[in-house]
Amino acid sequence: MSEMTKPLLEMQSVSKEYNGNPVLKDVNFTLKEGEVLGLVGENGAGKSTLMNILFGMDVIQQTGGYGGKVLIDGKEVKFASPLDALNAGIGMVHQEFSLLPGFTAAENILLNREPENRSVLSLVFGPRANTIDRKTLQKKAIDAITKLGVSLDSDMLVSEMPVGHKQFTEISREISKSSIRLLVLDEPTAVLSEKEAEMLLKAIRNLSAQGIAVIFITHRLQEILDVCNKVIVMRDGRIISELEAEKTSIPEMAKLMVGREVSASASSKREEKKLSDDIVLSVKNLWVDMPGETVKDVNLEVHKGEFLGIGGLAGQGKIGIPNGIMGLYPSGGKVVLNGKEIPLGDTRACLDSSIAFVSEDRRGVGLLLDESLEWNIAFPAMQIQNKFLKKYLGGLIKWRDQGAIKAVTDKYIKQLQIKCTSSKQKAKELSGGNQQKICLAKAFALEPKLLFVSEPTRGIDVGAKALVLQALKEYNSKLGVTIVMISSELEELRQCCDRIAIVTDGAISGILPASRPSEDFGMLMVGKSKKEAN
Amino acid sequence: MEKVRSFLASFGLPRLIIAGFLLLLFIVAPFVGIRVGASISDTLARFGMNSIMVLAMVPMIHSGCGLNFGLPLGIISGLLGATLSIETGVTGPLSFLLAILYSTPFALIFGWGYGKLLNRVKGSEMMIATYVGFSSVAFMSIMWLILPYSSPTMVWGYSGSGLRTTISTDGFYSQILHNFLCLKVGTIEISFGEILFFALFAFIIWAFLHTKTGTAMTAVGSNPIFARASGISVDRQRTLSVIMSTWLGALGILCYQQGYGFIQLYQGPMYMAMPAVSAILIGGASVNKASIPNVIIGTILYQGIVTMTPSVMNNIIHTDMSEVLRIIVSNGMILYALTRKSGASR
């Protein structure tokens with residue numbers, strides 16, 4: 001009988017760090033058979049890392065494993081690969097579909113586990129020549145679909161399905177495995193319509209009734225209340241709180257999710273700045289076709305000298321806004337800077353009109369990894385504004401002024417406390433935080449009037465974070481440069497910004513002063529309208 | 001041990017092996033009855049002939065277009081310039097200048113078109129470039145027959161039309177750079193003319209890479225998205241680099257012809273890119289990083305091997321191994337370089 005009382009899954013002080021940055025700290029929880037566990041937290045709170053550990057993903061091993069214990073049925077397990085996790089009865093449905101579009105639902109559900117018939121050829125060539133037993137295949141697939149309790153045509157090609165049905169096919173595939181005991185659903189409802197989401201929630205309840213435990217990751221807090229038994233709220237790699245779903249509420253969860261100290265610490269430190277009436281940048285009906293961060297219809301006004309924050313959950317489009325304005329992705333709409341319209345899709349025109357952009361993709365867009373720090377910092381200013389150049393033959397020859405470049409690099413190395421061996425060091429050899437500072441220095445060297453900073457603290461450690469934010473704040477307050485900062489971390493926005501705009505579903509769902517309590521922003525993020533938040 | 005390893009990493013193991021092999025050849029040479037002085041003179045002469053074609057690799061590598069396997073296109077521009085210069089009947093040093101002058105517009109136009117083509121096939125430039133080279137050679141094989149050249153030194157004797165496969169540059173610009181400032185020290189013959197000619201263009205390229213535009217070109221090669229986000233037109237920089245490479249290819253073949261004494265038409269340019277590509281790779285360049293020292297070291301090592309192996313090997317084993325070895329070295333080197341994507345050695 002003792003077997004029964006042991007929880008299906010138990011995590012004991014699990015921790016994990018990437019290159020010295022702790023991303024998970026002392027995570028403990030248990031999960032019983034048939035229990036539905038809701039897992040919520042902002043982006044970067046450590047949810048995916050936790051699931052990667054549970055699922056034995058390669059990234060975990062490659063970055064040095066994890067600390068603590070994972071127990072299944074009271075026995076410690078260490079999965080070396082996702083296959084081990086599958087064998088132990090853990091199934092996972094990812095945000096992205098992994099289905100073969102040209103195959104039917106049934107074929108996808110039982111892919112590579114098809115029931116087989118032996119044929120004459122099998123005698124010669126062995127099991128490779130077995131044929132597929134279509135009847136049993138159908139039957140097994142329909143069994144899985146029935147178990148899930150949804151209506152899904154097993155003969156339909158995946159390519160012809162609506163997204164919701166694709167999602168069901170994925171889940172059916174996981175539960176068609178006879179050994180399945182724990183199912184992890186990573187934001188399964190993000191792509192579903194309301195009705196489909198409802199069906200899915202019903203399906204989850206069905207599974208739970210059959211004794212399958214479910215870990216349900218979502219940003220839609222209502223769904224947590226609807227379907228989960230208990231909720232774990234994560235923030236900064238820790239479990240902040242474990243709640244009974246019946247006894248909690250959306251505002252409580254939202255508050256726990258975003259607020260560090262929900263006391264007025266952030267707002268009191270920063271005196272309310274009166275917004276200037278001058279509008280520097282006005283954005284009308286902006287759309288941006290950036291994969292994963294589609295912007296649909298953004299209207300925004302940025303005041304002179306303001307520090308505007310743009311927040312929101314991942315994939316809602318906040319990152320698409322600066323990328324679209326700077327012309328890095330196809331975009332449309334109207335962008336007016338100081339009364340002058342800026343042609344969209346023309347990076348040079350933006351830079352020429354003194355807009356600078358620090359990209360969220362440091363290594364991909366932000367840096368010349370194989371070149372020296374000098375090059376990285378001086379390059380845009382040299383190309384756009386002809387700085388750091390010596391001119392010969394009446395300007396015909398524009399020679400790189402090594403001395404000036406070194407001087408400006410050293411200046412920023414000192415100012416931003418960049419840790420490096422010299423200004424000649426290659427950018428790829430620096431740590432993430434220092435690379436980010438190089439990106440900032442690069443933008444500062446342009447001396448912009450308007451600065452877009454996208455996810456400046458992504459993937460850098462706490463100390464560097466504080467320095468980067470401090471540098472931005474000073475740049476804004478001392479030089480009066482208008483800054484628009486896009487960040488997934490609400491707390492960081494509340495520390496720095498005057499106003500914060502929240503983006504949901506490719507549009508601004510509301511702009512509030514930073515001094516407002518974080519629940520209000522949390523409400524905006526999870527899709528409650530502005531009125532309700534107010 | 002750590003020191004040895006870091007030295008190996010910075011100098012590059014293949015370069016070390018090749019250099020060691022070359023040194024070995026020079027040590028062995030006197031014992032098998034080969035005059036070292038003559039060998040060194042030969043190596044230097046070949047350096048003078050080939051170095052500019054190796055230099056032609058540099059701009060395209062810098063802009064991220066990879067190795068210029070389409071060098072035959074530049075060579076064809078050079079051939080057009082050479083034949084047009086001879087057609088005018090001007091002799092002596094002036095014919096060399098004229099050949100450079102005539103080949104320039106062809107190089108610019110061909111390079112521009114070639115650059116536009118490479119901009120459409122980002123990511124597989126080198127394969128496309130190889131076939132650009134091959135097909136342009138095939139096309140020109142027809143054109144050499146059809147084009148209305150009439151100079152008796154160049155056309156077929158029996159028909160009076162169509163160019164011959166090899167045309168002597170004797171009386172025009174044969175050895176023109178080689179004999180300029182040629183110094184004899186004992187048995188070693190050093191042609192400062194050729195070396196200065198190379199130095200001039202190497203300096204121009206070096207200087208160009210220190211200008212604003214040159215910096216932009218390097219940045220495009222290093223990270224095109226970074227360059228684009230900094231307001232640089234990536235396509236324009238790439239096209240410019242291809243034009244430069246093509247023009248240097250044209251110059252390179254003219255330099256080669258003056259040293260070799262003949263203009264080779266038809267299938268001549270077909271595999272000309274391989275030794276140049278191989279040389280710069282031996283010199284320590286990679287697919288996306290190259291410097292002038294890479295060009296110099298690479299050309300000396302590659303041409304050294306090509307000069308020394310035939311004579312030494314033939315004398316040791318009395319079989320002609322030279323061609324086999326040359327092919328192993330050049331193709332092996334290209335293969336090696338293409339399979340690794342790390343930075344260049346210094």
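List of remarks:
- In summary, residue B:161 fulfils each of the numbered conditions (1) within 14 Å of chain A (Cβ to nearest Cβ); (2) without any contact (Cβ under 8 Å) to a residue 40 or more places away in the chain with the single exception of condition (1).
- Exclusive hit being β-branched (Val, Ile, Thr), within 14 Å of chain A (Cβ to nearest Cβ) and either more than 20 Å from the chain's Cα centre (by Cα) or more than 30 Å from residue A:359 (Cα to Cα) (or both), set B:243, B:225: B:225
- Restricting the first member to segment A:52-68 and to residues that are without any contact (Cβ under 8 Å) to a residue 40 or more places away in the chain, and the second to residues that are among the hydroxyl-bearing types (Ser, Thr, Tyr), the beta-carbon pairs closer than 6 Å and six or more apart or on different chains are A:53/A:66; A:56/A:81.
- Hey, residue B:282 more than 14 Å from the chain's Cα centre (by Cα), of a type in the set (A, V, I, L, M) and more than 14 Å from chain A (Cβ to nearest Cβ) or not: no
- Listed conditions (1) buried (at least 17 other Cβ atoms within 10 Å of the Cβ); (2) more than 20 Å from residue A:444 (Cβ to Cβ); (3) within 14 Å of chain B (Cβ to nearest Cβ) are all met by residue A:287, apart from (3).
- Taking segment A:337-396 as the range and being closer than 25 Å to residue A:419 by Cβ, of a type in the set (Asp, Glu) and in contact (Cβ under 8 Å) with a residue 24 or more places away in the chain as the test, the residues that pass are A:360, A:370, A:371, A:374.
- Residue pairs whose Cβ atoms lie under 8 Å apart, separated by 6 or more positions or on different chains, with the first residue in segment B:177-191 and under 11 Å from residue B:37 (Cβ atoms) and the second in a loop (DSSP other than H, G, I, E, B), are B:187/B:35.
- The residues in segment B:1-24 that are in a helix (DSSP H, G or I) and in contact with a Gly (Cβ under 8 Å, 6 or more places away or on another chain) can be counted, and the count is 3.
- Test result for residue B:252, in a helix (DSSP H, G or I), buried (at least 24 other Cβ atoms within 10 Å of the Cβ) and either at negative phi or more than 13 Å from chain A (Cβ to nearest Cβ) (or both): yes
- Check on residue B:230, within 14 Å of chain A (Cβ to nearest Cβ), crowded, with 22+ Cβ neighbours inside 10 Å and more than 26 Å from residue B:145 (Cβ to Cβ): yes
- Test: residue in segment B:264-273 that is more than 14 Å from chain A (Cβ to nearest Cβ), in a helix (DSSP H, G or I) and either out of contact with any helix residue (DSSP H, G or I) (no Cβ under 7 Å at 6 or more places or on another chain) or at pLDDT 85 or above (or both): yes
- Of all the criteria given as (1) in contact with a Phe, Trp or Tyr (Cβ under 7 Å, 6 or more places away or on another chain); (2) at pLDDT 85 or above, the one not satisfied by residue A:150 is (2).
- Where a residue in segment A:509-532 is among the small types (Gly, Ala, Ser) and its partner, wherever it lies, is in a loop (DSSP other than H, G, I, E, B) and modelled with pLDDT of 80 or more, with Cβ under 7 Å and at least six apart: A:514/A:497; A:514/A:498
- Check on residue A:344, within 8 Å of chain B (Cβ to nearest Cβ), assigned to a loop (DSSP other than H, G, I, E, B), out of contact with any Asp or Glu (no Cβ under 8 Å at 6 or more places or on another chain) and at pLDDT below 90: no
- Residue check, residue A:328 assigned to a loop (DSSP other than H, G, I, E, B), within 14 Å of another protein chain (Cβ to nearest Cβ) and either within 30 Å of the chain's Cα centre (by Cα) or surrounded by fewer than 22 Cβ atoms within 10 Å (Cβ to Cβ) (or both): yes
- Lone unmet requirement of (1) more than 21 Å from residue B:287 (Cβ to Cβ); (2) polar (S, T, N, Q); (3) away from every other protein chain (no Cβ under 14 Å) for residue B:213: (3)
- Residue B:171 meets the conditions (1) buried (at least 16 other Cβ atoms within 10 Å of the Cβ); (2) modelled with pLDDT under 85 in every case but one. The failed one is (1).
- Residues in segment A:183-229 that are in a strand (DSSP E or B) and out of contact with any Leu (no Cβ under 6 Å at 6 or more places or on another chain): A:183, A:184, A:185, A:186.
- Test result for residue B:99, under 30 Å from residue B:333 (Cβ atoms) and either out of contact with any strand residue (DSSP E or B) (no Cβ under 6 Å at 6 or more places or on another chain) or surrounded by fewer than 14 Cβ atoms within 10 Å (Cβ to Cβ) (or both): no
- The set of residues in segment B:62-118 being touching a helix residue (DSSP H, G or I) at 6+ places or on another chain (Cβ under 8 Å) and not in a helix (DSSP H, G or I) consists of B:63, B:64, B:65, B:66, B:67, B:68, B:69, B:70, B:90.
- Only one of A:87, A:108 that is surrounded by 17 or more Cβ atoms within 10 Å (Cβ to Cβ), out of contact with any strand residue (DSSP E or B) (no Cβ under 9 Å at 6 or more places or on another chain) and closer than 30 Å to residue A:154 by Cβ: A:108
- Between B:18, B:40, B:75, the distinction of being among the β-branched types (Val, Ile, Thr) and modelled with pLDDT of 90 or more belongs to B:75 only.
The values are calculated or read from the model by the stated rules, or taken from the named source; none is laboratory data. Here the structure is a predicted model, which is why all the values come from computation and not from measurement. Don't worry about glycine lacking a Cβ; one is built from the backbone with ideal geometry, like all the others, and counts go over all protein chains shown.
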